[in-house]
Amino acid sequence: MSSSPTSSSKAKKSLKQDVYEHPDFYKIDDLLTEEHKLIRSSIRDFVKREISPFIEDWAQRAFFPYEIVRKFGEIGAFGPTIPLEYGGGGMDYISYGIIMQEIERGDSGMRSTASVQGSLVMYPIYKFGNEAQRKKYLPKLASGEWLGCFGLTEPDHGSNPSGMVTNFKDMGDHYLLNGAKMWISNSPKADVAVVWAKDEKGRIHGLIVERGMPGFTTPETHGKWSLRASTTGELVFDNVKVPKENLLPNKSGLGAPLMCLDSARYGIAWGALGAAMDCYESARRYAAERIQFGKPIASFQLVQKKLSEMLTEITKAQLLVWRLGMLMNEGKATTPQISLAKRNNVHIALQIAREARQIHGGMGITGEYPIMRHMMNLESVVTYEGTHDIHLLILGNEITGIPAFN
């Protein structure tokens, strides 16, 4: 399903032109390669052309533009770090982060679509799958011909995924899968799902479940106030027969899905920064244009305080993800390091969105500016892929050696 030309043209006319320029107070661009800058320019142009003119209309209507999946595939937004031979981009982790930052600058829901596909579907198939699985699924996922989703969270098991009850039994020539997952990005439109379930011994494994398998349904979640341009739903398994060749053979146990979450959380750390920078830039421009008491509100001390604090936090977060990206490239980044970046950058993005909303005054709650949409989206981002508090406990465990969630 796609948006009609009429609705798209109306959206384009009703919204301001995307004139975004990213802040770079500490000349962090000097740390990037020419390839990094070229990738950023390409994705930024894509966002300005394919997302910005329409996103407020999509969000207002809670509409997921399915055609964006193919377009993401065409620009290489799916699986940027997956090797070229499987349809991926063969890029480094700085490039991956930049792509997520630029897409989330456009919208967190759009970035969720891309990061789920790359970090939570393609990554486990590449990392834990066999060669036949890689060749069958990865090229079609990379191109956007297929959309994928990741099934870990359950109705009663979110922060404690080890308590999952979704399970499968060995029936001789196939597995029989039963259970349910919820809060699954992409699920209503997904062609394949990487699902985590327990075998008869209680060991967690990943299975690839394909749309059309009898007993497999994906009910959509309605009534969201957040990520309204993203499609979210459930995964329900009622005696689903899964071929044995669909089991991911190269890793089992809870560590497997947690490795996927590390990859996704890394992308979120960059992505949330993109949303923060968009809010800051919008507030900076608005403050220069909005006249009160005979002069721009940018001349008032409290507005300058807000803008100064925003830029300070953005600059710190930029340095944080750049260094983390270098550690990822070297294979040295740890789960607690990734947790710190995810938690910090989403937190500062939320704070910046709220301060930017204040600078915009009443206009900040309208679709003429991106602030309230970013703020509502970030309320989901601060919760998914590990809540704000869970990431504190991951760091606390690292610091003290004592796990507080056992």
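Overview of values
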{"read-out": "Filtered residues of region 369-389 (kept if part of a helix (DSSP H, G or I) and either at pLDDT 95 or above or out of contact with any helix residue (DSSP H, G or I) (no Cβ under 8 Å at 6 or more places or on another chain) (or both))", "value": "Ile371, Met372, Arg373, His374, Met375, Met376, Asn377, Leu378, Glu379, Ser380, Val381, Asp389"}
{"read-out": "Any chance Leu392 is crowded, with 17+ Cβ neighbours inside 10 Å and in a helix (DSSP H, G or I)", "value": "no"}
{"read-out": "Condition met for Gly206 (out of contact with any helix residue (DSSP H, G or I) (no Cβ under 8 Å at 6 or more places or on another chain) and either over 16 Å from Pro155 (Cβ atoms) or surrounded by fewer than 19 Cβ atoms within 10 Å (Cβ to Cβ) (or both))", "value": "no"}
{"read-out": "Some residue of region 128-138 being aliphatic (A, V, I, L, M), touching a residue at least 60 places away in the same chain (Cβ under 8 Å) and in a loop (DSSP other than H, G, I, E, B)", "value": "no"}
{"read-out": "Failed item in (1) touching a Phe, Trp or Tyr at 6+ places or on another chain (Cβ under 6 Å); (2) among the hydroxyl-bearing types (Ser, Thr, Tyr); (3) crowded, with 17+ Cβ neighbours inside 10 Å, with Ser380 passing the rest", "value": "(1)"}
{"read-out": "Scope region 323-332; condition out of contact with any helix residue (DSSP H, G or I) (no Cβ under 6 Å at 6 or more places or on another chain) and either touching a residue at least 60 places away in the same chain (Cβ under 8 Å) or not aliphatic (A, V, I, L, M) (or both); matching residues", "value": "Arg323, Met326, Glu330, Gly331, Lys332"}
{"read-out": "Count - residues of region 215-250 that are assigned to a loop (DSSP other than H, G, I, E, B), within 22 Å of Tyr384 (Cβ to Cβ) and among the small types (Gly, Ala, Ser)", "value": "4"}
{"read-out": "Only one of Ser42, Ser119, Ser95, Ser112 that is part of a helix (DSSP H, G or I), surrounded by fewer than 17 Cβ atoms within 10 Å (Cβ to Cβ) and hydroxyl-bearing (Ser, Thr, Tyr)", "value": "Ser42"}
{"read-out": "Condition met for Trp322 (out of contact with any Lys or Arg (no Cβ under 8 Å at 6 or more places or on another chain), within 19 Å of Tyr26 (Cβ to Cβ), surrounded by fewer than 20 Cβ atoms within 10 Å (Cβ to Cβ) and not hydroxyl-bearing (Ser, Thr, Tyr))", "value": "yes"}
{"read-out": "Criterion (on the phi > 0 side of the Ramachandran plot, touching a residue at least 24 places away in the same chain (Cβ under 8 Å) and surrounded by fewer than 24 Cβ atoms within 10 Å (Cβ to Cβ)) met by exactly one of Gly367, Gly361, Gly401", "value": "Gly361"}
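The values are calculated or read from the model by the stated rules, or taken from the named source; none is laboratory data. It should be emphasised that the depicted structure is a prediction, and the values quoted were computed from it without experimental measurement. In this analysis, Cβ positions are derived from the backbone assuming ideal geometry, glycine residues included, and neighbour counts consider all displayed protein chains.
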